[in-house]
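K.L.:
Take a look at the following structure, please.
The values are calculated or read from the model by the stated rules, or taken from the named source; none is laboratory data. All of these numbers come straight from a predicted model, not from anything done at the bench. Cβ placement follows ideal geometry from the backbone for every residue including glycine, while neighbour counts extend to all protein chains displayed. Side chains are part of the model used for accessible areas, which takes the heavy atoms of the whole protein and leaves out ligands, DNA and RNA. Shrake-Rupley method; radii C 1.70, N 1.55, O 1.52, S 1.80 Å.
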Amino acid sequence: GGIITQTPKFLIGQEGQKLTLKCQQNFNHDTMYWYRQDSGKGLRLIYYSITENDLQKGDLSEGYDASREKKSSFSLTVTSAQKNEMAVFLCASSPGLGGWGAETLYFGSGTRLTVL
Amino acid sequence: GDSVTQTEGLVTLTKGLPVMLNCTYQTTYSPFLFWYVQHLNEAPKLLLKSSTDNKRTEHQGFYATLHKSSSSFHLQKSSVQLSDSALYFCALSAYDTNAYKVIFGKGTHLHVLP
C-alpha cells in the first residue's frame with residue numbers, strides 16, 4: 001500500500017498572500033491531481049499532471065499555479081489569496097499516464113485553507 | 001462539455017430502508033463512471049466503478065448499473081446502516097486533449113437515522 005501526504009493540514013493566510021500547498025505520494029503513480037472542495041459544490045479540478053514536469057489545467061485553474069518537479073510530488077500555489085476564502089484542497093493520484101480512463105483515484109486528507 | 005449531475009444535496013432516511021442516489025452524466029466519449037464515498041473528516045475513497053453497459057457492479061452492499069441509453073449511474077443499497085452516513089460523489093472519467101481527467105458531481109449527503 002501507499003499513502004498521500006499533504007502539508008500543511010491547516011493553512012491560514014492573509015488577503016493577497018501567495019500560499020503554497022504540497023503533496024507527496026509513495027504509490028509510484030504517474031498521474032496526480034489537485035481538487036478544491038467547497039460545501040455544496042463538490043470537487044472541482046484545478047490542475048493535474050500525467051507525468052513529471054507535465055501540467056494540465058482543470059476547470060478552476062485561474063488564480064492557481066502548479067508544479068510537478070518530481071514524480072512523487074505535486075505542489076499547488078494560490079497566487080493571491082481572496083479575503084474570507086475557506087476551502088479544502090485535496091491532492092490525489094492514480095496509477096497510469098491518464099491514457100486509459102478507468103483508474104481509481106487515491107486521495108490525501110486535505111489542506112484546509114482559511115483566508116483572513 | 002463533460003459533466004456530472006447529482007440532483008439530491010441531502011438524503012435523510014431511517015436505518016434499514018433502501019436508498020437510491022441519483023447520478024447522470026454527459027460526455028462525448030465512452031464513459032467510465034465512479035462512486036466515491038467521503039466519511040466525516042476523511043479522504044474520499046472509491047466505492048465502485050464501471051464502464052460496462054447494463055452490468056450491475058457491487059461493493060460493500062452498494063450497487064450501481066451503468067445505463068448508457070439514459071446516461072445514468074445511480075447508486076443503490078437495499079438496507080442502509082448508520083455507518084453509511086457520509087458524502088457520496090459520482091464521478092466521470094472524461095478524455096481531455098491527451099489524457100483522461102476525472103470530473104465529480106456536487107455530492108449527496110446521506111444521513112441515516114436510528
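K.L.:
If the cut-off is a Cα-Cα distance under 27 Å, which lysines reach B:Lys106, setting aside same-chain residues fewer than 8 apart in sequence?
P.N.:
A:Lys9, A:Lys22, A:Lys41, A:Lys57, A:Lys83, B:Lys15, B:Lys45, B:Lys49, B:Lys55, B:Lys68, B:Lys77
K.L.:
Using a Gaussian network for chain B with springs between C-alpha atoms less than 10 Å apart, which of these wobbles most: B:Thr65, B:Thr24, B:Thr52?
P.N.:
B:Thr52
K.L.:
Just to check I understand the Karplus step: with θ = phi - 60° and J = 6.51 cos²θ - 1.76 cosθ + 1.60, what whole-Hz values come out for region A:12-20, glycine and proline as x?
P.N.:
Couplings: 10, x, 9, 3, x, 6, 8, 10, 10 Hz.
K.L.:
Amide H neighbours of A:Thr31 under 5 Å, at least 5 residues apart or on other chains, H built in the peptide plane: list them.
P.N.:
It is A:Ser94, A:Gly96, by chain and number.
K.L.:
Something else now. Would you mind giving the total buried accessible surface between chains B and A, with a 1.4 Å probe and ligands, DNA and RNA left out, rounded to the nearest 100 Å²?
P.N.:
Between B and A, the summed buried area is about 1900 Å².
K.L.:
Average partner chain C-beta neighbours within 10 Å, per residue of A:83-93?
P.N.:
1
K.L.:
List the residues, sorted by chain then number, that are 5 or more residues from B:Lys68 or on another chain and whose placed amide H is less than 5 Å from its amide H.
P.N.:
Long-range HN contacts for B:Lys68: B:Asn54.
K.L.:
So, one more: Would you work out which of A:Gly16, B:Leu10, A:Ser73 lies farthest towards the positive end of the dipole of the protein assembly as shown? Charges go on Cβ: Lys and Arg +1, Asp and Glu -1.
P.N.:
Of the candidates, B:Leu10 comes out farthest on the positive side.
K.L.:
Further question: In a Gaussian network model over chain B where Cα atoms closer than 10 Å are linked, find which of B:Phe89, B:Phe62, B:Phe34 has the largest mean-square fluctuation.
P.N.:
Ranking B:Phe89, B:Phe62, B:Phe34 by mean-square fluctuation puts B:Phe62 first.
K.L.:
Add +1 for every Lys or Arg and -1 for every Asp or Glu among the other residues with Cβ under 10 Å from the Cβ of A:Asp38, and state the total.
P.N.:
Residues close to A:Asp38 contribute a combined charge of +3.
K.L.:
Counting only protein heavy atoms, what percent of the accessible surface of chain A is carbon or sulfur at a 1.4 Å probe?
P.N.:
The computed percentage sits at 48.
K.L.:
Kirkwood-based Rg over Rh for chain B (C-alpha set), two decimals?
P.N.:
Radius of gyration relative to Kirkwood radius: 0.97.
K.L.:
So, one more: What list of ³J(HN,Hα) values in whole Hz, one per residue of region A:40-57 in order, does the Karplus curve 6.51 cos²θ - 1.76 cosθ + 1.60 (θ = phi - 60°) give from phi, with Gly and Pro shown as x?
P.N.:
For region A:40-57, the Karplus-derived couplings read x, 10, x, 9, 10, 6, 9, 9, 9, 9, 8, 6, 3, 6, 9, 9, 10, 7 Hz, x marking Gly and Pro.
K.L.:
Between A:Ala66 and residues 5 or more places away or on another chain, which pairs have amide H atoms under 5 Å apart, with H built 1.01 Å from N, and which residues are they?
P.N.:
Counting only residues 5 or more places away or on other chains, the set is A:Thr77.
K.L.:
Next question. Return the tail of the calculated pair distribution for the protein assembly as shown, meaning the percent of Cα-Cα pairs more than 32 Å apart.
P.N.:
19
K.L.:
Could I ask something else about it? Could you tell me the calculated FRET efficiency between B:Lys15 and A:Phe27, based on Cβ-Cβ distance and R0 = 41 angstrom, to the nearest 0.05?
P.N.:
Computed FRET efficiency for B:Lys15 and A:Phe27 comes out at 0.70.
K.L.:
I've got another one for you. With only Lys, Arg, Asp and Glu charged, each at its Cβ (+1 for the first two, -1 for the last two), find how big the charge dipole of region A:6-107 is about the Cα centre; round to the nearest 20 debye.
P.N.:
Result for region A:6-107 is approximately 240 debye, rounded to the nearest 20.
K.L.:
Suppose a student asked you for the relative contact order of chain A, using Cα pairs under 8 Å spaced at least 6 residues apart; what percent would you report?
P.N.:
Dividing the mean separation by the residue count of chain A yields 35 percent.
K.L.:
Here's something else I'd like to know. With a 1.4 Å probe and every protein chain kept in, tell me what percent of the accessible surface of region B:3-113 is carbon plus sulfur.
P.N.:
50
K.L.:
Also: Figure the gain on full extension for A:Thr7 and A:Glu85 (residue separation times 0.36 nm, minus the Cα-Cα span) and round it to one decimal in nm.
P.N.:
Extra length from A:Thr7 to A:Glu85 when fully extended: 26.2 nm.
K.L.:
Something else about it: How large is the dipole of the protein assembly as shown about the Cα centre if only Lys and Arg carry +1 and Asp and Glu carry -1, each at its Cβ, rounded to the nearest 20 debye?
P.N.:
So the magnitude is around 340 debye.
K.L.:
Related question: Over the protein assembly as shown, give the accessible area per residue in Å² for a 1.4 Å probe, as an integer.
P.N.:
Ligands and nucleic acids excluded, the result is 48 Å² per residue.
K.L.:
What are the ³J(HN,Hα) couplings of region A:78-92, residue after residue, when phi is run through the Karplus curve with 6.51, -1.76, 1.60 and θ = phi - 60°? Round to Hz, x for glycine and proline.
P.N.:
7, 6, 7, 4, 9, 4, 6, 6, 9, 6, 10, 9, 10, 9, 9
K.L.:
If you count, for every residue in B:101-109, the Cβ atoms of partner chains within 10 Å of its Cβ, what is the mean?
P.N.:
Shielding by partners across B:101-109 averages 6.
K.L.:
Need one number: convex hull volume per residue for chain A, Cα atoms only, in Å³.
P.N.:
Per residue, the Cα convex hull of chain A comes to 95 Å³.
K.L.:
Still on this model: What is the average number of partner chain Cβ atoms found within 10 Å of a Cβ in A:104-111?
P.N.:
Taking all residues of A:104-111 together, the mean is 5.
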